[in-house]
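The values are calculated or read from the model by the stated rules, or taken from the named source; none is laboratory data. Not measured: the values here are computed from a predicted model. When we count neighbours, we look across all protein chains shown, and the Cβ atoms used for this are built from the backbone with ideal geometry, even at glycine.
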Amino acid sequence: MSNKLSGIYSALDSGNNKQSLKLCNALLTKKKDENTNIVKVLKAITLIKLGENEEAIKCADEVAFIGHYNETLLSNLNYFYKSVQQGYKMTKVYEASVKAYPKNENLAEGLFLAYAKVRDYKQQQQVILDLQKNFPSHQHSLWYLMTILSMVHDNPSNQLFIGLSQKLAEKLVEEGKIKTSEHLYMYETVLDIQGKTSEHLNLIKGKLGELYNVATERLKILGDLNQKLGNHQEAANNYSEILTKYEPDEWSCYMGYFDNIWSLNDISKIDDAKQFIQNIQSQQTSKHLLRGPLLAEIEIYYRLLTTTTTANGNPAANIDGPVFNKFIELILNYFTKFGTKPVLYSDLKKYLQFIETKKSIEQRKEIMDRIYKLVSLDKDEANHISQLSNYHKLSRVLGLQLEMSIEESIKIIKEILEEYQYNTKKFPLAIESERYPGDDLILICHFLLMDQYEKTKQVSLLLESAAILEFAHSISTKNYQFNLYLLSLYFELGAHQLASNHFKILNIKNIQYDTLGHLVADQFIREPTCFSNAINAFEKSAKFYNENESTADYVAACYQNGCYSKITEIQKFQVKVANSFQKSVYETERQLFNFMLIRFKKLPNANFTASQFVEICKSQISSTDPINFDCSNEVLNALSFNHDNTIFDKFNPTTTSNSDSIKQVENQIQGITSLYFENTEKSTLLLQLTYRRQILNILYLISTQSPIDLNQFNQLLISLESTTTKLNSINSHKIDNLTRISTLNNFKLLNLILNLLKEFNEEKLKQVKELLELINNEITEIVKVLSDNIRESVVLGNSLNSLSRSSRMVVSSFIEPITWFSFIALLVNSALPGKRAKKKEEYHTTIRTDLETLVKKLSDDSLNLSNIINEKSLSKLSLTEDDNNKSTILETLNTQSIAKNVSENSIKSVTELQEYLNSMKTLLTFSINNTNNTTNA
């Protein structure tokens, strides 16, 4: 590396960006040499680190497209354009470079890989054809086949490419160019796409199948193909060979073996299967005992009890006969051998859930009594706590905890906590990142309290649960399950900051924003105390989704290293993330949220005019590409729902669906408090997203067009009205429906007034007055519902209708739509002739007067809601002086401290909500009064 450049790289590496810029400028003022272009790119990289993106892009573009062969320069350009989300420009960089140096094979390959990164398959195909012509090689032939396969995956109905892909694959076989299993993968894919299973089977059976260096890979493929073709005995033989020769603990092969044996519908074959499993068991030693063979025997008896294996279509065994008794004995034996393993619950879950649906509670209790006898009673035995944990989890999955009384539950919780405290002191963790073996017992305590909460709605039970979870979290700090359940509890209790703290502890990153973001998305954009967290979450998630484009580099690396089976996998991941529903929600809500919040951040003062404020709003909402608000069916139907709904550990029976988490309790009465993710049908979620994007499209239109295209505005209103009607037809929550109708009428009012100002007639004026009155009535009803809800709510008490939920209702049902209305009032007031204008009509004055009356009403409503919240006695928000808040479980649990923290957080939420409501009055007053009538609506 040149000494001239090393100083710049050192400055960049150390984060001394100003020094880097200084060095770049110094070199660029000197005479041009071979390093000049590299220095310009390094300057561009420095500028983006300094936040000067526009200048940086201009600097890089100056040298990017003149043709280069220097790999360092090309690498730096690639880094730069990825950093500014313009990776597609690298195709132009390589196009110019190939044109300048047509005999350079590396540049030609670089162009191919650049198109592969942006998934421009048509150009990719053209480039690879040129590569094969100018630089023929074995690798380029394989790249051509993979390119065609990518085109087929992108458009499976394209028969031309499907046929071409098979011809290419067969040609490669004839030429002896299929030399590895990765090469063979492409030929297999060609056959699979066409449904040519028999040809695929013959291929793997033949000489080419030997390319699989790992015998189990080949056997698994053979087993799968034979099963698809109905060759069940052959498939069973394939899986049995894996189990006997290679992987006796491979569960997927046991299941494949059983699926095919049962498909033969021959009871004698099941007897053979029993013997087969027993033979594998006999080969084990006590020192190396495997779970798979023992679990496989349980699976056999489970299938005999549940699946059809007789001619008359009945199960092969009676639920009350010897087969069931053997089934239970095997489960008990499994507990004896693996009762200390955390995986025992997931191993036996399916079988216990089956028992729970078939046996009486007395019979289930008898089974658990037998299991309890297998639990070590010696607290000083290291395995004791693990066995006890598994015992309680199995008891819960059998449904034996749901009907317990509060006294029975408290008794078990006390016993569990005493065991947990003793064990964690007796056996401290060697590695902090591990979980304690008894951590799942803490979750059992939480579930038991939630069972009782569902029956009694006593908020003290939520506090007890929070105290238990906090206690355990202080000991087992890396157990994220405690954070998840505390997150849900605190949101329910209205302690939003405490909930946010536990979300921060989770420290989610990268793809987790897509899979776990739904845990907090609704609350972050609905809770005033969470607004700052929302901004951070939006920014971090946007960074992840932007950086998803860098995944394309892995596609290029796969081509270069011949890992063809990974290319399709990576491309599918890219599409999945790019079309993520969560991403669409973030993009939409981020803009709506900022459009609302900017009015509170930029509350105008005496130095602001209406036109200046419009420019502030316009600048904010025009900062994103309106393509992100696309509501077309093509875009919506392509969205993927990537939420991880299995993140919470649960040990519930099949007969309950709402005792696993406080979140489920919240779902029952949530209504307006959530926009997305609350166990709603996907079609409804898409409709809700459509509704939110249509609002954003209208706000974008009226913020960025001057004058507003009234025809386009009218079409947007028609679409919004259609969506509103559909949502209201499937939503039973009154305040939801009122809010949507009122929002629609607000935008209708602006459209009608603008049309009236363009061409006056009496009928339109009458419609304006009627619409103003209708909006007034709708807002009055919304405020009444909110007022009643706030008065009835209790932050910490016996009422389900907590003030935390009320605050979300105030934000979504009042603050947000009134914010839109304040902007509408601003535009209308600016469009009307000023009060002192000489040229104005009588109807101008009428509209202004009626609008001012409505604004005054809304201002008063904001103040009234704030006063109603203030009427809530702070003593009702505090539990710290209530003797009932002393822990009824263990004195060591600091339940009063939890109650105090929750109370303080709830009070803070109420205070911030009041601040926003008070701000509404200022915002509304400004919208109607502070105008110089220079804004051209």
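Which of (1) of a type in the set (Val, Ile, Thr); (2) at pLDDT below 95; (3) farther than 16 Å from residue 383 by Cβ is the odd one out, the single condition residue 442 does not satisfy?
Condition (2) is where residue 442 drops out.
Of everything in the range 221-251, what is of a type in the set (Ser, Thr, Tyr) and either surrounded by fewer than 24 Cβ atoms within 10 Å (Cβ to Cβ) or outside any helix (DSSP H, G or I) (or both)? Give them in sequence order.
240, 244, 246
Could you tell me whether any residue of the range 16-26 is surrounded by fewer than 20 Cβ atoms within 10 Å (Cβ to Cβ) and small (Gly, Ala, Ser)?
So far as the range 16-26 goes, yes, one or more of its residues are surrounded by fewer than 20 Cβ atoms within 10 Å (Cβ to Cβ) and small (Gly, Ala, Ser).
Select from the range 310-323 the residues that are part of a helix (DSSP H, G or I) and touching a helix residue (DSSP H, G or I) at 6+ places or on another chain (Cβ under 6 Å) and list them in ascending order. Let's see the steps before the verdict.
Within the range 310-323, the first condition is being part of a helix (DSSP H, G or I), and the residues that meet it are 322-323.
Hit for the range 310-323 is 323, nothing else.
Cβ contacts < 7 Å: first residue more than 14 Å from residue 48 (Cβ to Cβ), restricted to the range 5-26; second residue at pLDDT 90 or above and surrounded by fewer than 17 Cβ atoms within 10 Å (Cβ to Cβ), any location; separation 6+ or different chain. Result?
Pairs found: 11/19.
Go through the range 96-154 and count every residue that is within 15 Å of residue 560 (Cα to Cα) and assigned to a helix (DSSP H, G or I).
Start the filter on the range 96-154 by keeping residues that are within 15 Å of residue 560 (Cα to Cα), which leaves 105-117, 124, 128, 131, 137-147.
Applying the additional criterion that residues be assigned to a helix (DSSP H, G or I) yields 105-117, 124, 128, 131, 138-147.
Of the residues in the range 96-154, 26 are within 15 Å of residue 560 (Cα to Cα) and assigned to a helix (DSSP H, G or I).
Show me the helices (runs of 4 or more DSSP H) found entirely inside the range 492-606 where at least 3 residues are at pLDDT below 85. Don't jump to the end; show me each part of the working.
Numbers: elements: 496-506, 512-515, 521-524, 531-547, 552-561, 564-578, 581-601.
Those helices (runs of 4 or more DSSP H) span 521-524, 531-547, 581-601.
So residue 34 ticks every box in (1) in contact with a helix residue (DSSP H, G or I) (Cβ under 8 Å, 6 or more places away or on another chain); (2) over 30 Å from residue 133 (Cβ atoms); (3) in a loop (DSSP other than H, G, I, E, B) but one. Which box is left unticked?
If we test residue 34 against (1) in contact with a helix residue (DSSP H, G or I) (Cβ under 8 Å, 6 or more places away or on another chain); (2) over 30 Å from residue 133 (Cβ atoms); (3) in a loop (DSSP other than H, G, I, E, B), just (1) comes out false.
Give just the number: which of (1) within 32 Å of the chain's Cα centre (by Cα); (2) buried (at least 21 other Cβ atoms within 10 Å of the Cβ); (3) over 19 Å from residue 716 (Cα atoms) does residue 733 not satisfy?
(2)
Give 362, 329, 381 a once-over and let me know the one that is closer than 28 Å to residue 249 by Cα and of a type in the set (D, E, K, R).
Values: 362 fails: closer than 28 Å to residue 249 by Cα; 381 fails: closer than 28 Å to residue 249 by Cα.
Of 362, 329, 381, the one residue that is closer than 28 Å to residue 249 by Cα and of a type in the set (D, E, K, R) is 329.
What pairs come up if the first residue lies in the range 400-419 and is in contact (Cβ under 8 Å) with a residue 40 or more places away in the chain and closer than 23 Å to residue 367 by Cα, the second is surrounded by fewer than 13 Cβ atoms within 10 Å (Cβ to Cβ) and of a type in the set (Ser, Thr, Tyr), and their beta carbons are under 9 Å apart, counting only those six or more places apart or on different chains?
Going by the 9 Å Cβ cut-off, the qualifying pairs are 402/655.
What about residue 254, is it in a helix (DSSP H, G or I), over 24 Å from residue 150 (Cα atoms), within 35 Å of the chain's Cα centre (by Cα) and not aliphatic (A, V, I, L, M)?
On the way: in a helix (DSSP H, G or I): yes; over 24 Å from residue 150 (Cα atoms): yes; within 35 Å of the chain's Cα centre (by Cα): yes; not aliphatic (A, V, I, L, M): yes.
The answer is yes for residue 254.
Just checking, which of 222, 264, 243, 191 is in contact with a Cys (Cβ under 7 Å, 6 or more places away or on another chain) and either within 26 Å of residue 283 (Cβ to Cβ) or in contact (Cβ under 8 Å) with a residue 12 or more places away in the chain (or both)?
Values: 222 fails: in contact with a Cys (Cβ under 7 Å, 6 or more places away or on another chain); 264 fails: in contact with a Cys (Cβ under 7 Å, 6 or more places away or on another chain); 191 fails: in contact with a Cys (Cβ under 7 Å, 6 or more places away or on another chain).
Going through 222, 264, 243, 191 in turn, just one is in contact with a Cys (Cβ under 7 Å, 6 or more places away or on another chain) and either within 26 Å of residue 283 (Cβ to Cβ) or in contact (Cβ under 8 Å) with a residue 12 or more places away in the chain (or both): 243.
Give the range 503-516 a look and list any residue that's buried (at least 23 other Cβ atoms within 10 Å of the Cβ) and out of contact with any Lys or Arg (no Cβ under 9 Å at 6 or more places or on another chain), or say none.
503
Report every pair of residues separated by at least 6 positions or lying on different chains whose Cβ atoms are under 7 Å apart, first residue within the range 364-380 and on the phi < 0 side of the Ramachandran plot and free of Cβ contacts under 8 Å to residues at least 60 places away in the same chain, second β-branched (Val, Ile, Thr) and loosely packed, with under 14 Cβ neighbours inside 10 Å.
From residues that are on the phi < 0 side of the Ramachandran plot and free of Cβ contacts under 8 Å to residues at least 60 places away in the same chain, the pairs are 374/336.
I want to confirm something. Restricting to the range 355-402 and keeping residues that are of a type in the set (D, E, K, R) and outside any helix (DSSP H, G or I), which single residue is surrounded by the most Cβ atoms within 10 Å (Cβ to Cβ)? Give the steps one after another, and end with the answer.
First pass over the range 355-402, keeping only residues of a type in the set (D, E, K, R): 356, 358-359, 362, 364-366, 369-370, 373, 378-381, 393, 396.
After this cut, where a residue has to be outside any helix (DSSP H, G or I) as well, the list is 359, 373, 378-381.
Numbers: 359: 19, 373: 9, 378: 9, 379: 13, 380: 10, 381: 15.
This residue is 359.
Evaluate the following for residue 720: is it surrounded by 19 or more Cβ atoms within 10 Å (Cβ to Cβ) and at pLDDT 95 or above? Give the steps one after another, and end with the answer.
On the way: surrounded by 19 or more Cβ atoms within 10 Å (Cβ to Cβ): yes; at pLDDT 95 or above: yes.
It is true that residue 720 is surrounded by 19 or more Cβ atoms within 10 Å (Cβ to Cβ) and at pLDDT 95 or above.
Please state which one of 717, 749, 738 is touching a Phe, Trp or Tyr at 6+ places or on another chain (Cβ under 7 Å) and not hydroxyl-bearing (Ser, Thr, Tyr). Before you say what the answer is, go through the steps one by one.
Numbers: 749 fails: touching a Phe, Trp or Tyr at 6+ places or on another chain (Cβ under 7 Å); 738 fails: touching a Phe, Trp or Tyr at 6+ places or on another chain (Cβ under 7 Å).
Being touching a Phe, Trp or Tyr at 6+ places or on another chain (Cβ under 7 Å) and not hydroxyl-bearing (Ser, Thr, Tyr) holds for just one of 717, 749, 738, which is 717.
Tally the residues that are surrounded by fewer than 19 Cβ atoms within 10 Å (Cβ to Cβ) and at pLDDT 90 or above, restricting the search to the range 779-791.
3
Just to verify a result, which residue in the range 172-220, among those that are assigned to a helix (DSSP H, G or I) and hydroxyl-bearing (Ser, Thr, Tyr), is farthest from residue 132 (Cα to Cα)?
Taking the range 172-220 first, the residues assigned to a helix (DSSP H, G or I) are 172-174, 181-193, 197-205, 207-211, 215-220.
Restricting the remaining residues to those that are hydroxyl-bearing (Ser, Thr, Tyr) gives 181, 185, 187, 189, 197-198, 216.
Values: 181: 23, 185: 21, 187: 20, 189: 23, 197: 31, 198: 32, 216: 36 Å.
Filtering first and then ranking leaves 216.
Specify which of the listed residues (75, 6, 10) is of a type in the set (S, T, N, Q), closer than 30 Å to residue 142 by Cβ and in a helix (DSSP H, G or I).
Numbers: 6 fails: closer than 30 Å to residue 142 by Cβ; 10 fails: closer than 30 Å to residue 142 by Cβ.
Step by step, each of 75, 6, 10 is checked, and only 75 is of a type in the set (S, T, N, Q), closer than 30 Å to residue 142 by Cβ and in a helix (DSSP H, G or I).
Of everything in the range 455-472, what is of a type in the set (Ser, Thr, Tyr), buried (at least 21 other Cβ atoms within 10 Å of the Cβ) and modelled with pLDDT under 90? Give them in sequence order.
Here is the first cut: in the range 455-472, the ones of a type in the set (Ser, Thr, Tyr) are 456, 460, 465.
The next check asks that each one be buried (at least 21 other Cβ atoms within 10 Å of the Cβ); those that pass are 460, 465.
The answer is 460, and nothing else.
Quick one: how many residues across the range 538-560 are among the aliphatic types (A, V, I, L, M) and either in contact with a Pro (Cβ under 9 Å, 6 or more places away or on another chain) or farther than 17 Å from residue 108 by Cα (or both)? Don't jump to the end; show me each part of the working.
The first filter runs over the range 538-560 and keeps only residues among the aliphatic types (A, V, I, L, M), leaving 542, 552, 555-557.
Filter once more, so that each one left must be either in contact with a Pro (Cβ under 9 Å, 6 or more places away or on another chain) or farther than 17 Å from residue 108 by Cα (or both): 542, 552.
So the answer is 2.
Taking residue 250, is it modelled with pLDDT of 95 or more and closer than 30 Å to residue 403 by Cα?
No.
Select from the range 422-440 the residues that are closer than 15 Å to residue 483 by Cα and assigned to a helix (DSSP H, G or I) and list them in ascending order.
If the condition is that a residue be closer than 15 Å to residue 483 by Cα and assigned to a helix (DSSP H, G or I), then 439, 440 are the ones that fit.
Of the residues 88, 101, 94, only one is under 30 Å from residue 543 (Cβ atoms), surrounded by fewer than 20 Cβ atoms within 10 Å (Cβ to Cβ) and of a type outside the set (Gly, Ala, Ser); which? Before you say what the answer is, go through the steps one by one.
Values: 101 fails: under 30 Å from residue 543 (Cβ atoms); 94 fails: surrounded by fewer than 20 Cβ atoms within 10 Å (Cβ to Cβ).
After applying the criteria, what remains is 88.
Looking at 198, 150, 165, 157 in this structure, which one is touching a helix residue (DSSP H, G or I) at 6+ places or on another chain (Cβ under 9 Å) and surrounded by fewer than 17 Cβ atoms within 10 Å (Cβ to Cβ)?
On the way: 150 fails: surrounded by fewer than 17 Cβ atoms within 10 Å (Cβ to Cβ); 165 fails: surrounded by fewer than 17 Cβ atoms within 10 Å (Cβ to Cβ); 157 fails: touching a helix residue (DSSP H, G or I) at 6+ places or on another chain (Cβ under 9 Å).
Matching residue, one of 198, 150, 165, 157: 198.
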